[in-house]
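Novice: Got a structure for you, written out below as structure tokens; questions coming shortly.
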Amino acid sequence: LNNWYIRRSRARFWSSEKNEDKITGYNTLFTCLDKMSRAFAPLLPLLSEAIYQGLNGSEQSVHHEDYPDVSAISAEVALVRDMDKVLEICQAGLFLRNAHNVRVRQPIAMVTIVMTDHGDIAKFEDLIKDELNVKFISYSKDLSNYAKLKLSINFPILGKRLPHRVKDIIAANKNAEWKKNGDDLLISGEVLESQEYQLILEPLSQVGTKALSGNDGVVILDLNITPELHMEELA
């Protein structure tokens, strides 16, 4: 239960009609707050009591309730994964807007989402469009045309294990003479351990492009503001 969920559910909560979507939204929020107030009651006794009393309107103390059992609630792993990715895409787009001084109230024509695997994020197109204020979303899987992996070596750690090979490894890295083989990274005849390096996805263009943290995609904003888009912002 986070700020993203509350913010994206505002329209449901504020709906003038008491329809099923609004009731479901409130039920979900109530259940989350009720279970959470019970879960953190031992850690925050007064706050949890205030939330629980406000929700239930009873004189029964939260400290007399059973500890919540969520074993009957099945996790929707795919949905959570896709929503996490949607959130990251929106955060990247908002970061780019801020970095290029383009306010969210200014509509933009398009955002391009380049990922090796898009999952089912297309189901959330309307959410992404609304969050980023874009007209159109383009999808691409050809990540190599937009970004490349850069090898960053942790030399303080590597130097302790292979002090005599550091110079050779630096030269090989400058020439991009390394390759990934399963979980291993091979460079200059050596296999680097996980704590000795990091792979960073680096966009080929630094304008309007932001890499995702999982090294599996980039977000590209079309920052060309046409007169029509500018007039729409003014309106």
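The values are calculated or read from the model by the stated rules, or taken from the named source; none is laboratory data. None of these values were measured; they are calculated from a predicted model. Here Cβ is always computed from backbone atoms with ideal geometry, including for glycine, and neighbour counts include all displayed protein chains. Areas reflect the complete protein model, heavy atoms only, side chains present, ligands, DNA and RNA absent. Shrake-Rupley method; radii C 1.70, N 1.55, O 1.52, S 1.80 Å.
Novice: Got a sec to turn the phi values of the range 127-137 into Karplus ³J(HN,Hα) couplings, 6.51 cos²θ - 1.76 cosθ + 1.60 with θ = phi - 60°, whole Hz, x for Gly and Pro?
Specialist: Whole-Hz 3J(HN,Hα) from phi for the range 127-137: 5, 5, 4, 5, 5, 9, 6, 10, 8, 9, 10.
Novice: Can you compute the charge dipole magnitude of the range 101-235 about its Cα centre, using +1 on each Lys and Arg Cβ and -1 on each Asp and Glu Cβ, nothing else charged? Give it in debye, rounded to the nearest 20.
Specialist: 600 debye
Novice: Using the Cα centre as the reference, give the magnitude of the dipole from point charges on the C-beta atoms of the chain (Lys, Arg: +1; Asp, Glu: -1; all else neutral), rounded to the nearest 20 debye.
Specialist: 840 debye
Novice: Further question on the same structure: Which of 19, 40, 54 sits farthest toward the positive end of the charge dipole of the range 1-97, with +1 on the Cβ of Lys and Arg and -1 on the Cβ of Asp and Glu?
Specialist: Of the listed residues, the answer is 19.
Novice: Each residue of the range 222-227 in order: what ³J(HN,Hα) in whole Hz does its phi give by Karplus 6.51 cos²θ - 1.76 cosθ + 1.60, θ = phi - 60°, with x for Gly and Pro?
Specialist: In residue order, the calculated couplings are 7, 8, 7, 8, 6, x Hz.
Novice: Positive end of the charge dipole of the chain (Lys, Arg +1 and Asp, Glu -1 on Cβ, about the Cα centre): tell me which of 138, 225, 116 has its Cα farthest that way.
Specialist: Final value for the positive-end residue is 225.
Novice: Tell me, what % of the accessible area of the range 114-195 is carbon and sulfur with a 1.4 angstrom probe?
Specialist: Answer for the range 114-195 is 48 percent, counting heavy atoms of protein chains only.
Novice: Where the centre of each part is set by its Cα atoms, how far does the range 1-54 sit from the range 67-98, in angstrom?
Specialist: 17 Å
Novice: Can you list the residues, at least 5 places off or on another chain, whose amide H is less than 5 Å from the amide H of residue 102, using H built in the peptide plane?
Specialist: Distant-sequence amide H within range of residue 102: zero hits.
Novice: Looking at the range 112-202, which trypsin sites (Lys or Arg not before Pro) are DSSP coil and have at most 13 other C-beta atoms within 10 Å of their C-beta?
Specialist: Those satisfying the criteria are 141.
Novice: Could I ask something else about it? Given a 1.4 Å probe and the protein chains all in place, what does the accessible area of residue 130 round to, in Å² to the nearest 10?
Specialist: Its heavy atoms expose roughly 100 Å² to the probe.
Novice: Determine ³J(HN,Hα), in whole Hz, for all residues of the range 17-32 in sequence, where each value follows from phi through the Karplus function 6.51 cos²θ - 1.76 cosθ + 1.60 and θ = phi - 60°; x replaces Gly and Pro.
Specialist: Running phi through 6.51 cos²θ - 1.76 cosθ + 1.60 with θ = phi - 60° gives 8, 8, 8, 5, 5, 5, 4, 4, x, 5, 4, 5, 4, 4, 4, 4 Hz.
Novice: Rounded, prolate or oblate, given the Cα gyration tensor of the chain, with a/c below 1.5 counting as rounded?
Specialist: oblate
Novice: Quick check on the chain: helices-only [θ] at 222 nm, where DSSP H runs of length 4 and up contribute -39,500 (n - 2.57) each and the sum goes over total residues. Nearest 500, please.
Specialist: Mean residue ellipticity at 222 nm (helix-derived): -12500 deg cm²/dmol.
Novice: Kindly report the accessible area of the chain per residue (heavy atoms of protein chains, probe 1.4 Å, no ligands, DNA or RNA), in Å².
Specialist: Value returned for the chain: 63 Å² of accessible area per residue.
Novice: Which value, in debye to the nearest 20, describes the size of the charge dipole of the range 94-136 about its Cα centre when Lys and Arg Cβ atoms bear +1, Asp and Glu Cβ atoms bear -1, and nothing else is charged?
Specialist: Numbers: 6 positive and 6 negative charges, 68 e Å.
Dipole of the range 94-136, to the nearest 20 debye: 320 debye.
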